[in-house]
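The structure appears right after this line, and notes come after that.
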Amino acid sequence: MAATVKQRRTAKSKTKVFVLDTNVLMHDPNCLFRFEEHDVFIPMMTLEELDNHKKGQTEVARNARQATRLIDQMLEADDAIDIAAGVSLTEPSKGLASGRLFLQAENMAGTLPDSLPKGKGDHQILSVIIHMKDNEAYEGRQVILVTKDLNMRIKARTIGVTAQDYLSDKVLEDTDLLYSGMTELAPDFWEQHSEGMQSKKEGAKIIYRVSGPLCPSLLVNQLVWSDEFQLDALVREVSGRRATIETLTDYTHQKHAIWGIMARNREQNFALNLLMDPNIDFVTLVGQAGTGKTLLTLAAGLVQTLESNQYSEIIMTRVTVPVGEDIGFLPGTEEDKMAPWMGALEDNLDVLGCDAGEEHEKDDGIYGKTALGREASRAATRDMMRLRIKVRSLNFMRGRTFLKKYVIIDEAQNLTPKQMKTLITRAGPGTKIVCLGNLAQIDTPYLTEGSSGLTYVVDRFKGWENGGHVILKRGERSRLADHANDVL
């Protein structure tokens, strides 16, 4: 034991010891490798709580099992390992971490205030940290609790324990800085980039090749506009000080309506251009309630599935996190169980069915112009749409490969980065994935705007040649919904 103390004393005083709460391991099992040169300590209570959460098919249960397996594999790698001396993280992390993993191997009980009962798991972890701070083995080193539990962080600070959130997968501190996917061109943009500019017309679109000082700041598939020059365009290519810009299809015009739907503002027009572009495989649409995210996405999907046959079917999924009390077990098939969570799908199909029905009413068709005929036309259109839309649960996505599918992930703000990766990596050839979400409506415990999987993928995919992103800012649902968003 004396040798171990000596080893710890001679460790660099700048390195810290991070004590992990259970919820961190259940949020990201690979968190053990995210602390670089610093050491990681796991209390016995954390292992006990992992064991309590390992059963089931939920994401939390899977993460608990994976975290336990990782720890077990590291211990099995060396049968003669001295637990008190810690396990090197260098090899298991493939060089990502150079610290050591320590497991609680002895009774460590610091003195807690009487207001914190010792029987509670959180308080036992705090007791271990107090013991560590008073132990000469950790003298000169900062011991930090890492937890996603806000109340535990507050309790820790009240008794003098340094505590912080798990920050490794937190993309932004301020979501106002989230990449918007679009930018307004400076008034002097064309003046600065006119020298050597080339342009050509391809169909209804004009392609500009420009060079100048502002080109390096542009990103591929970023949407640009200029009111002065009445330009809405997409950045197709950026290479040093050169960029290729392509004008957009104007979906605000009736002749370009998508399943009877026209864009009502610039952001919606940008979104439809991304959704209808066969070269873009991944689209993220972020916006408050009523901005048209789901309606536009479904309209674009129906046209490309039923008319152009770009995709074989539409698959829609979402995480089932209730806003109020849980409704309990539901009978029926997978689609039956998901139906209560898919109200947005049904509402938007009602709108799209009416719009498509009105298109049929412009001619006699096979139903004629009677009220009964019009109703039959709408019913037939709705049935046709429903046949090509499949509702699927997130719980059954692992191991699947989607070929030539149009996949819609609704309420994506409630997904963790790991869940988002699991879903996106299901995409096979010819598949398009669209993520929809409102970062102001996160219902998943421990997720914030900065650590949401939606924020994560927006940041990671920006500038990718086959991905696009738009923030929809203007509500189009109703004046009541717009006012509620502003004042509530």
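The values are calculated or read from the model by the stated rules, or taken from the named source; none is laboratory data. Predicted model only: the values in this text are computed from it and were never measured. Here Cβ is always computed from backbone atoms with ideal geometry, including for glycine, and neighbour counts include all displayed protein chains.
Across segment 69-100, the number of residues qualifying as within 28 Å of the chain's Cα centre (by Cα), of a type outside the set (K, R) and either farther than 25 Å from H131 by Cα or part of a loop (DSSP other than H, G, I, E, B) (or both) comes to 6. When segment 284-310 is limited to residues that are closer than 16 Å to R386 by Cβ and touching a Lys or Arg at 6+ places or on another chain (Cβ under 7 Å), the one that is surrounded by the fewest Cβ atoms within 10 Å (Cβ to Cβ) turns out to be L306. So, L214, is that one in contact with a helix residue (DSSP H, G or I) (Cβ under 9 Å, 6 or more places away or on another chain), hydrophobic (A, V, I, L, M, F, W, C) and at pLDDT 95 or above or not? No.
Here is a yes/no grid of residues against (1) modelled with pLDDT under 85; (2) over 23 Å from Q304 (Cβ atoms); (3) out of contact with any strand residue (DSSP E or B) (no Cβ under 8 Å at 6 or more places or on another chain):
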| position | (1), (2), (3) |
| --- | --- |
| N395 | yes, yes, yes |
| D410 | no, no, no |
| P417 | no, yes, yes |
| T444 | yes, yes, yes |
| E449 | no, yes, yes |
| G453 | no, yes, yes |
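Consider segment 138-167 and keep the residues that are surrounded by 16 or more Cβ atoms within 10 Å (Cβ to Cβ) and among the small types (G, A, S). The one that is nearest to Q413 (Cα to Cα) is A163. Annotation note: Cβ proximity below 7 Å between a residue of segment 179-202 that is in contact (Cβ under 8 Å) with a residue 24 or more places away in the chain and a residue that is of a type in the set (V, I, T) and assigned to a helix (DSSP H, G or I) (sequence gap 6+ or interchain) occurs for Y179/V458. Taking the criterion of being of a type in the set (A, V, I, L, M) and in a helix (DSSP H, G or I), the residues of segment 288-318 that qualify are L295, L296, L298, A299, A300, L302, V303, L306.
Segment 167-240 holds strands (runs of 3 or more DSSP E) entirely within its bounds, and those carrying 3 or more residues that are within 22 Å of N279 (Cβ to Cβ) map to 198-202, 205-211, 223-226, 231-239. Inspect segment 124-147 for any residue being in contact with a His (Cβ under 8 Å, 6 or more places away or on another chain) and either assigned to a loop (DSSP other than H, G, I, E, B) or not small (G, A, S) (or both) and give the result as yes or no. The answer is no, given that none of the residues of segment 124-147 is in contact with a His (Cβ under 8 Å, 6 or more places away or on another chain) and either assigned to a loop (DSSP other than H, G, I, E, B) or not small (G, A, S) (or both).
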